[in-house]
1. Cβ-Cβ below 6 Å, separation at least six or inter-chain, first residue in segment 170-199 and buried (at least 19 other Cβ atoms within 10 Å of the Cβ), second assigned to a helix (DSSP H, G or I) and of a type in the set (D, E, K, R): which pairs?
2. Restricting attention to segment 366-399, and to residues there that are away from ligand 1 (no atom under 16 Å from the Cβ) and of a type in the set (A, V, I, L, M), which single residue is farthest from residue 415 (Cα to Cα)?
3. Just wondering, is there one or more residues in segment 112-125 that are assigned to a helix (DSSP H, G or I), within 25 Å of residue 242 (Cβ to Cβ) and more than 16 Å from ligand 2 (Cβ to nearest atom)?
4. Which condition does residue 488 not pass, out of (1) in contact (Cβ under 8 Å) with a residue 60 or more places away in the chain; (2) away from ligand 2 (no atom under 16 Å from the Cβ); (3) out of contact with any Leu (no Cβ under 7 Å at 6 or more places or on another chain), if it passes all the others?
5. Quick one: residue 484 ticks every box in (1) closer than 30 Å to residue 403 by Cβ; (2) in the same structural domain as residue 411 (by TED's automatic domain parsing); (3) not basic (Lys, Arg) except a single one, so which number is it?
6. Any chance segment 26-37 includes a residue that's free of Cβ contacts under 8 Å to residues at least 40 places away in the same chain and over 30 Å from residue 311 (Cα atoms)?
7. Counting only residues that are out of contact with any Asp or Glu (no Cβ under 8 Å at 6 or more places or on another chain) and away from ligand 1 (no atom under 16 Å from the Cβ), give me the helices (runs of 4 or more DSSP H) lying completely in segment 481-579 with at least 2 of them.
8. Test residue 243 against the stated conditions and say whether it is at pLDDT 90 or above, of a type in the set (A, V, I, L, M, F, W, C) and part of a helix (DSSP H, G or I).
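The values are calculated or read from the model by the stated rules, or taken from the named source; none is laboratory data. These figures come from a predicted structure and were not determined experimentally. Neighbour counts run over all protein chains shown; Cβ positions are idealised from the backbone, glycine included.
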Amino acid sequence: MVRRILKEVKEYKAASIATPLCMIVEVIAEMLIPYLMASIIDKGVNAGDLNHIIKVGGLMILIAAIGLIGGLAGGVLAAKAATGFAKNLRKAMFERIQGFSFANIDHFSTAGLVTRLTTDVNTLQMGYQMALRMMMRAPASLIVALVMAFVINSRIALIYLFAVLILSLVLYLIISNAMKYFKQAFPKYDALNESVQENVSAIRVVKAYVREEQEISKFKKASQAIYDIFSKAEGTTVFQMPAMMLTVYSCILLIGWFGAKMIVSDTLTTGQLMSLLAYCMNILMSLMMVSMIFIMFSMGSAAIERIYEVLEEKSTIDNPDNPVYEVKDGSIDFTNVKFAYNKDAKEDVLKNINLHIESGETIGIIGSTGSAKTSLVNLISRLYDVTDGSVKVGGVDVREYDLTTLRDKVAVVLQSNTLFSGSIYDNLRWGNENASYADCQKAAEYACADEFIKRFPDGYNTHIEQGGSNVSGGQKQRLCIARALLKSPKVLILDDSTSAVDTATEAKIRQTFREKIPDTTKIIIAQRISSVMDADRIIVMEDGQIDGFDTHENLLNNNKIYKEVYDSQMQGGGDFDERAGKEEE
Ligand SMILES: Nc1ncnc2c1ncn2[C@@H]1O[C@H](COP(=O)(O)OP(=O)(O)OP(=O)(O)O)[C@@H](O)[C@H]1O
Ligand SMILES: [Mg+2]
């Protein structure tokens with residue numbers, strides 16, 4: 001897992017390797033200085049040898065300068081390596097997410113993906129930067145300082161060893177306690193982001209339902225949860241500093257005590273005592289750093305796990321090895337199709353579907369809410385794969401096509417559609433980026449969008465806000481249809497795409513389709529029977545099964561459901577779902 005993540009270091013490998021080396025240079029310089037200091041005091045100051053002081057002093061300056069350069073270079077390189085690593089990780093994750101199928105997206109929540117891309121990557125970036133700088137530095141400086149201390153005076157060095165052991169134990173207890181909390185923190189970020197994301201993207205709905213209070217309290221709860229966890233975690237880590245300080249000062253006291261005695265008995269020089277005190281600080285600081293590294297690791301490992309999940313998520317829909325690049329015609333065949341969103345689901349959403357649609361036919365699909373109309377058509381452009389059986393377009397199994405080819409030739413206007421910020425022209429060209437202005441205008445005419453676009457002061461250059469919030473529901477639907485038409489598809493699927501368009505305009509769109517794109521297979525899902533009445537044939541969906549598939553006249557005579565809905569809609573102008581209510585009476 002870690003190896004997979006580290007693969008993304010890529011071009012920053014050199015900086016990642018150079019950083020610890022620079023840090024080692026810094027450590028060596030740092031360790032030599034107290035040693036030289038001892039020499040200055042003992043051989044220079046105490047012996048009154050000015051020459052020695054100047055010589056060794058000069059050397060000290062040189063070494064300090066080298067250490068400084070090492071430290072600076074290490075810092076810069078570490079920052080570069082870590083930010084570069086984070087950049088690569090984000091890019092890799094983003095690309096992975098773009099390759100996700102609908103089923104993959106169902107698996108992760110959008111908010112979860114956002115947290116993984118932002119907070120988790122940031123945490124890892126910080127951890128990586130610190131690891132590069134500290135990983136070699138802290139243990140190296142700990143060991144070197146201990147060794148130097150033993151070289152100078154092994155009896156006093158024993159005090160250090162003892163202090164190190166005690167402090168390690170204390171730090172271990174503190175950290176293992178804190179780690180527990182850090183691991184819980186990330187899922188809480190998901191909740192926070194979910195609250196923010198949901199609220200901000202649906203702020204209009206929140207306002208319409210006057211749900212501000214509830215949304216604020218939901219946010220507060222998520223925010224409070226993170227506060228609680230972090231204050232608990234930090235609450236345990238605050239003991240780190242006092243514990244360390246207590247040990248440092250105890251050591252200094254002990255060294256002062258024993259050192260003074262040794263100086264009196266002439267087994268230790270003043271200079272040596274000075275450098276031992278300097279090493280004391282070094283040793284315990286390094287230990288502190290090691291403990292920080294552990295904390296960083298525990299936070300990092302939670303982040304790594306979550307990033308890894310995204311990077312290693314296998315897209316459930318992939319391009320086949322030898323894909324077919326041409327869709328012959330718009331004929332569609334379903335053979336014994338079964339489909340479930342979730343493999344473990346007890347009941348299939350689509351059960352045993354068999355149907356054949358000729359190329360160029362206009363097919364209406366009608367059925368109550370949740371009868372799996374959307375699920376049925378989603379299989380045609382391979383937004384989901386069948387669980388069993390096969391779906392063919394132009395005589396070839398959809399799983400054998402190149403995905404781009406298939407989705408270009410099978411254009412879907414999704415039930416919940418969206419426009420993107422940009423001009424109308426930009427939005428239409430989503431369907432086909434090479435479409436000329438004339439092409440766009442033609443598609444808009446077919447979709448009856450031309451009339452209202454022309455009325456806008458800026459026409460086709462009118463700016464669409466994010467999500468298409470500045471056009472009406474019906475206008476948005478017509479723009480989405482025009483966008484799909486620009487693909488010049490062989491199969492065009494409209495999933496409830498004219499529900500907000502008035503009946504007269506809707507009829508006009510259908511009429512244009514019949515005249516202008518006769519070879520395209522048109523599948524129209526609708527709630528109103530009037531929307532599908534004039535189709536060549538109509539599928540009546542009921543509870544994941546095809547209840548009837550025939551012309552309007554035949555269905556009226558033979559299909560009970562169809563007849564009931566027709567009657568209710570023609571009399572009261574009611575809609576499909578009112579049938580359910582009527583039956584219960
Ligand atoms: N992404 C999904 N994950 C899991 N279950 C889903 C998903 N989408 C739909 N379902 C379930 O599949 C069933 C069929 O849904 P589908 O969207 O196909 O109905 P529909 O006929 O299009 O309804 P409507 O008329 O409301 O659009 C429903 O029971 C629904 O709960
Ligand atoms: Mg639907």
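1. Final answer for the pair search is 181/232; 195/218.
2. This residue is 396.
3. Taking segment 112-125 and keeping what is assigned to a helix (DSSP H, G or I), we get 112-125.
Restricting the remaining residues to those that are within 25 Å of residue 242 (Cβ to Cβ) gives none.
The answer is no, given that none of the residues of segment 112-125 is assigned to a helix (DSSP H, G or I), within 25 Å of residue 242 (Cβ to Cβ) and more than 16 Å from ligand 2 (Cβ to nearest atom).
4. (1)
5. Condition not satisfied by residue 484: (2).
6. Filtering segment 26-37 for residues free of Cβ contacts under 8 Å to residues at least 40 places away in the same chain gives 32, 36.
After this cut, where a residue has to be over 30 Å from residue 311 (Cα atoms) as well, the list is 32, 36.
Yes.
7. The helices (runs of 4 or more DSSP H) meeting that bar are 503-516, 552-558, 560-572.
8. Numbers: at pLDDT 90 or above: no; of a type in the set (A, V, I, L, M, F, W, C): yes; part of a helix (DSSP H, G or I): yes.
No: the conditions fail for residue 243.
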